[in-house]
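Q: Okay, handing you the structure first.
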Protein chains: 2
Amino acid sequence: MKKLPLLFILLVSFMPAVHSEDGYRLWLRYDRINDKSVAATYKKNISGWMVQGNSPTLSLVKKEIHSGLTGLLGNIPEVKAVKASVILAGTPQSSEIIRNLNLDTRLQKLGREGFLILTTTYQGKKLTIITAQEDVGVLYGTFHFLKLLQTHQPINKLDIESSPRINLRVLNHWDNLDRTVERGYAGFSLWDWHKLPDYIDPRYHDYARANASIGINGTVVTNVNANARILSPYYLEKVAALADVFRPYGVKIYLTARFSAPIEAGGLKTADPLDPTVQQWWKDKVKEIYSLIPDFGGFLVKANSEGQPGPQNYDRHHADGANMLADAVAPFNGVVMWRAFVYDENVPDDRAKQAYNEFKPLDGTFRKNILIQVKNGAIDFQPREPFHPMFGAMPQTPLMMEFQLTQEYTGFSTHLVYLANQFKECLDDDTYAKGKGSTVANVIDGSLDNHQLSGIAGVANIGTDRNWTGHPFAQANWYAFGRLAWDHQLSAQSIAEEWLRMTFTNAPDFVNPVKEIMDNSWETTVSYMTPLGLHHIMGWSHHFGPAPWIKDRHRADWTSVYYHQANKDGIGFNRSATGSNAVAQYAGPVAEVFGSREQCPEKFLLWFHHVGWSEKLKSGRTLWEELCHQYYAGADAMKAVQQKWNTLEGKIDRERFEQVKMLLDIQYKEAIWWRNACVLYFQTFSGMEIPAGMEKPDKALQYYMNLEFPYAPGIRPQW
Amino acid sequence: MKKLPLLFILLVSFMPAVHSEDGYRLWLRYDRINDKSVAATYKKNISGWMVQGNSPTLSLVKKEIHSGLTGLLGNIPEVKAVKASVILAGTPQSSEIIRNLNLDTRLQKLGREGFLILTTTYQGKKLTIITAQEDVGVLYGTFHFLKLLQTHQPINKLDIESSPRINLRVLNHWDNLDRTVERGYAGFSLWDWHKLPDYIDPRYHDYARANASIGINGTVVTNVNANARILSPYYLEKVAALADVFRPYGVKIYLTARFSAPIEAGGLKTADPLDPTVQQWWKDKVKEIYSLIPDFGGFLVKANSEGQPGPQNYDRHHADGANMLADAVAPFNGVVMWRAFVYDENVPDDRAKQAYNEFKPLDGTFRKNILIQVKNGAIDFQPREPFHPMFGAMPQTPLMMEFQLTQEYTGFSTHLVYLANQFKECLDDDTYAKGKGSTVANVIDGSLDNHQLSGIAGVANIGTDRNWTGHPFAQANWYAFGRLAWDHQLSAQSIAEEWLRMTFTNAPDFVNPVKEIMDNSWETTVSYMTPLGLHHIMGWSHHFGPAPWIKDRHRADWTSVYYHQANKDGIGFNRSATGSNAVAQYAGPVAEVFGSREQCPEKFLLWFHHVGWSEKLKSGRTLWEELCHQYYAGADAMKAVQQKWNTLEGKIDRERFEQVKMLLDIQYKEAIWWRNACVLYFQTFSGMEIPAGMEKPDKALQYYMNLEFPYAPGIRPQW
């Protein structure tokens, strides 16, 4: 039983009233800059601020600049007239001064949401303007400007043009109407449906603001395992109330559409997308929605996947279903995001191949306002997956990336795992769809195939926990998702640095070591969970902890043995030409590399190849030895992280220091657990000893196999 | 759709970093006293503070005095030696100064938890001491002293002796292991089992502190619809971690015991309390618990009620079951709180009579460390119920009151209902069990029947919502429960005043009108929900909204018609001698009054009598007219409350002002809903017109009957 230091108890309790570091303020803390010279320089460069123009969004700009400057620097006054070193925000339409600067050409280049931050002069006075074509761009620019101050960047001569590379930058909340969150580990759903629409929780505003600060412009507030009731008038009124809160922050609301809603909600006898009454029902429903929410974003749909209804129930194609919905929302400029996460245990082919097989033939048959939403990899958000073969395979259709921020497979909210590295690996991988340089990112942002419509989604890790994400460091994944959605060319490291400086401190003796911790955290987790391309060996249903032994279930593709295929000869899923040939779904150069036992990167080895226990790998170790080496190194790395974290005591607030400390303790124990359970289990196939020097597990395999967690969070309890 | 004032949006968002009035700080805000003369007087009387002694609890005392005095008055230093006007806290054991004051006689009178606050002199210097026999008493005294400051009471000459009238002052959390809260409307369960025991959420400390501040000394952290898994080693370790947090605050932890745990958790074939293996299993399990939690409080048990297992499954009595558990915990000074909330649809008698019938014959057969926990009334926490006939009927057995703080039947967390008036009505009612003056309170506190062991429980309204209770004013019910548990002779009004002053402001132009709102709120709610003794006419399963039409269900005693018995002749449940004769369960004088059509208080009329629609009541109105009058008056009263609240704008923080405003809007709409649905429905029996002057409902009865709320909070969703 853990005894918490009394000092900690005393210091962190008693509901601090000032500058609580409970994580609620995320990366928007705006605390007084304590570096005197930095503060002095800023104050010299900022004599006052003005926001010209009146609109709900510009009011938010005003509030943000005021609270930001006041918090960071103390009393920086709002001024009515330009004097030297004033910050001025507005659009050419809202501000005569900005209009007179004749920036239209530059602004048009930046598109609807882009912004310009420019140090210039006006009537001889130095002026820093934050401007854009539209108010929301000014809001984005304001957050960017304040971030410069938060991160102690120079501001004396700014010329920043920034516009998002991807149109739709969307969170997906797998929130149910009973407020449970599927695969949610940060408490429960933010949306208090019972009290909506009349009671507006202040948290809705804070949520929208946090998203605006990182350029997220859309949110799907319901689970992809959808519930038709959200489309009822009773709930639409509540959704509209949320939309009203989000709108000035530039955040559109979307809903998941249950394909069978015409039956469940409409009382029709069918949901056949080619049935005129069904089509009309959706048209009428969409019209109803837009009468309440004029800028409703559209629908996200999971169909004919894991039991969800869809067009295939009526022997129709995905495109038939998607097009019907797309036609309904098109008159209102809505979109349909149709998920490609499909796999069927009755289809006797490698699960990794099925989405491609179902969707590629439909390329070119989808309406213009449809995006096909594709998970980063072909299985399901495993700690590491090669990029999905659909990227690059459907040039006529906008493909929307779906990343997972919530750590369903990477430790829930007790493991510190900075996922930006995982996102970048995927985004930067080259599909070779149109020769070298056809990165996944270029597919997603539309540049490879010349699509105007582009999108990226993050399955949210946000809930009612005070710090929004459960683990203090999980916030960084929300932050990084927003930053990469805006600009996928940013590096994971630079984003981590931004976040650390804003969220904790600019002090290098904290930022540097912690940045390194974050930068290594994903590979460490891969190492102690699913090294060398292993995947899908987690606990049944709740996905908590290791369970590589799962077999003999009603769906083979939900077992673990399906994926690791361990036997006395070796381990790994042969997806090469001699196996399922999933590699053939990739473009030539990629297929060649993945399909080749020698060329395949070892990080994907067991994803594509069945490898003998005794085969030598690049390190000189046998596969078995390497497997053990990875598992043990991953767990050891966690110990080192703990030790490193402990040296940072006193460099940040005690509250979050201690919280992370406690969580690292859990993470280390769970890393050991993963290591032991997996090594012991795979050993039953390899028949080989755990290499010398690696501490033998202190429990037997049966102990791990007996563990039960009927109330692990994120899924309905297992009775 | 409600459009929130933009000003509100701006003012309450942006995650304020200082003195946030989001309700988290409850009544323990310790903000600077802004009344200059009050503050000056206090500073004159408090030159410094000392806490003598070292223990976890005294460390909390130190912290509380420091933060309280600093917050309220500014820099009041900790001193090492007594000088004039110092506040000194400690026990005679921990403080030589206090020991030398020779207060033992007075302290012994105060018992284990009582405290003394005394202005005295020591070596010629004026000294205010806060002392007690035990550290926890000093903690209670400290909170009391700080409350004086918070409420601007004089402190120059204090002589306060205070000790609790009831031993066990306990919260019952109906929290499930999946973190849903049965009948919970304040978010979800505070206990993050997945992260326990290693991760200690700071909120656990804040929870314990809040309870300590109102003298609550125990908490049952699991649902009475119990889950045996809490008794597994995996969970006991987590419970122990919570117990460790609570201990220094004087809060003991209890668990609900699922009677069938020997089978479910132990693998036994039976749970028969007379079976030696079962008895041994419980003994072993209890021993295991106490090895982890040395001061474990004991068990709360719901048995043979609403499907829960119990001794009657084995043809044993309640006492057989309770005694078995009591014997197991007795060696460790534990108790068993055995609930009397029993009723069986197969027993062909008035539900209101069944608990008495089952338990009274067992009086005298329970072990000494058992309390029988009895709801305030004989049905189930209805807005108003006459006191439970068991009070006064079991003189040989300590009866423990069970009040409901969570507003299962009084509007969830959207209705402002100050329940202290309801508690007081019950506590002050005279059972006449031993003649006049045999109040329910005297039964509960043990004084009537000379019991040492006494207890009172409140079904908690606490959850993960930022303000703990959902509705800002629901906090007052938690507060009032603690105050009445300590001293049931306090008035509801004085408690409300304390709470308002501490939670909002001392300004009379806020306190006075709001106190009045609170004081009338319960009767108002009774009036628009269940006037004149009506009861149990709420929505099916979720209990949300009115549904007096419920009939023809698998259990008659879960319908509404069972309770109101409306027909063309009249309405009401005849519990008099000509009916079920439930009145005979009361002592003579009470039975006579309740059983008499003329003498029965009209507030209970339809609880005890079936009354004709045309019968005249005291007001001169017919029953039908009075019923309408009550419903309409209740709804009208809500409108007046709204109007009164609006006049208070600017007197408190905008954040909570607006939150309450939004909630009052909901409450008023729901009051209209109750009024309309009930009046229209009962009209189908009376056949009479709604009296002139009362606005006719704008919807038909069928509209109300068609309303569905499958995701109303507090219960598993209805599909």
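Bear in mind that the values in this text are calculations on the coordinates, not laboratory data. Note that the structure is predicted; figures quoted are calculated from it, not measured. We place every Cβ from the backbone using ideal geometry, glycine too, and count neighbours over all the protein chains shown.
Q: Roughly how far apart, in whole Å, are the Cα centres of region B:423-472 and region A:336-377?
A: 62
Q: Under 1.5 on a/c is rounded, so check that first for chain A, then, if it is not, pick prolate when a/b is larger than b/c and oblate when it is not; a ≥ b ≥ c are the square roots of the alpha carbon gyration tensor eigenvalues.
A: Oblate, because a/c is 1.5 or more while a/b does not exceed b/c.
Q: Give the average, rounded to an integer, of partner chain Cβ atoms located within 10 angstrom of each Cβ in B:176-189.
A: 3
Q: On full extension of the chain, what length is gained from B:Thr270 through B:Asp159, given 0.36 nm per residue of separation minus the C-alpha to C-alpha distance? Numbers along the way, then the final one.
A: Numbers: separation 111, 0.36 × 111 = 39.96 nm, distance 5.74 nm.
Gain on stretching B:Thr270 to B:Asp159: 34.2 nm.
Q: Placing a label point 7 Å from Cα toward Cβ, how far apart in nm is A:Pro589 from its equivalents in the other copies, listed shortest first to one decimal?
A: The answer, with the shortest distance listed first, is 9.8 nm.
Q: Between B:Tyr234 and B:Lys287, what FRET efficiency comes out of the Förster formula 1/(1 + (r/R0)^6) with R0 = 22 Å and r the beta carbon distance, rounded to 0.05?
A: 0.80
Q: List the relative contact order of region A:168-493 as a percent without decimals, with contacts defined as Cα pairs under 8 Å and 6+ residues apart. Intermediate values should be presented prior to the final figure.
A: Working: 658 pairs, mean separation 63.6, N = 326.
It rounds to 20 percent for region A:168-493.
Q: Distance cut-off 30 Å, Cα to Cα: go down the list B:Lys644/B:Lys696; A:Lys353/A:Lys618; A:Lys83/A:Lys515; B:Lys80/B:Lys238; A:Lys285/A:Lys434 and report the pairs above it.
A: Over 30 Å Cα-Cα: A:Lys83/A:Lys515; B:Lys80/B:Lys238; A:Lys285/A:Lys434.
Q: I want the antiparallel fraction of DSSP beta bridges within the protein assembly as shown, as a percent rounded to 5.
A: Antiparallel: roughly 30 percent of the beta bridges in the protein assembly as shown.
Q: Averaging sequence separations of C-alpha pairs under 8 Å and six or more residues apart, then dividing by the length of region B:249-310, give the relative contact order as a whole percent. Mind showing how you got there, number by number?
A: On the way: 62 pairs, mean separation 29.4, N = 62.
Relative CO of region B:249-310 lands at 47 percent.
Q: State, to one decimal in nm, how far the label point of A:Leu707 lies from the label point of A:Asn450, with both points 7 Å from Cα in the Cβ direction.
A: Distance between label points: 5.4 nm.
Q: For chain B, give me the percentage of DSSP beta bridges that are antiparallel, rounded to the nearest 5 percent.
A: Details: 19 of 60 bridges.
Among the beta bridges of chain B, antiparallel pairing accounts for roughly 30 percent.
Q: Return the calculated 222 nm mean residue ellipticity for the protein assembly as shown, to the nearest 500 deg cm²/dmol, obtained by summing -39500 (n - 2.57) across DSSP H runs with n ≥ 4 and dividing by the residue count. Spell out each step's value before the answer.
A: Working: 46 runs with 541 residues, N = 1438.
Using -39500 (n - 2.57) per qualifying helix, the result is -11500 deg cm²/dmol.
Q: Treating only the Cβ of Lys, Arg, Asp and Glu as charged (+1, +1, -1, -1), what charge dipole size does the protein assembly as shown show about its Cα centre? Round to the nearest 20 debye.
A: Numbers: 148 positive and 152 negative charges, 659 e Å.
The dipole magnitude comes to about 3160 debye.
Q: For A:Ala556, go 7 angstrom from Cα along the Cα-to-Cβ vector, then report the distances to that same point in the other copies in nm, smallest first.
A: Sorted ascending, the copy-to-copy spacings read 5.8 nm.
Q: Share of antiparallel DSSP beta bridges in region A:168-493, in percent to the nearest 5?
A: Roughly 10 percent of the beta bridges in region A:168-493 run antiparallel, per DSSP.
Q: In peptide A:212-221, how many Cβ atoms from other protein chains are near each Cβ within 10 Å, on average?
A: 0
Q: To one decimal in nm, how far is B:Gly267 from the same spot in the other copies, if labels go 7 Å from Cα toward Cβ? Please give the shortest first.
A: So the distances to the same position in the other copies read 5.6 nm.
Q: Give the aspartates and glutamates reachable from A:Lys568 as a straight Cα distance under 19 Å; neighbours fewer than 8 places away on the same chain don't count.
A: A:Asp552, A:Glu615, A:Glu625, A:Glu626, A:Glu689
Q: For region A:254-315 and region B:531-581, compute the distance between their C-alpha centroids and round to whole Å.
A: If you average the Cα positions of each part, the centres end up 41 Å apart.
Q: Let me ask another. Over chain B, what is the relative contact order in percent, taking alpha-carbon pairs closer than 8 angstrom and at least six residues apart?
A: 12
Q: Sticking with this one: Shielding by partners for B:190-196, please: the mean number of other protein chain Cβ atoms within 10 Å of each residue's Cβ.
A: So the per-residue partner count for this stretch is 5.
Q: Please work out how much length the chain gains when fully extended from A:Ala507 to A:Val347, using 0.36 nm per residue of separation minus the C-alpha to C-alpha distance, in nm with one decimal.
A: 52.1 nm
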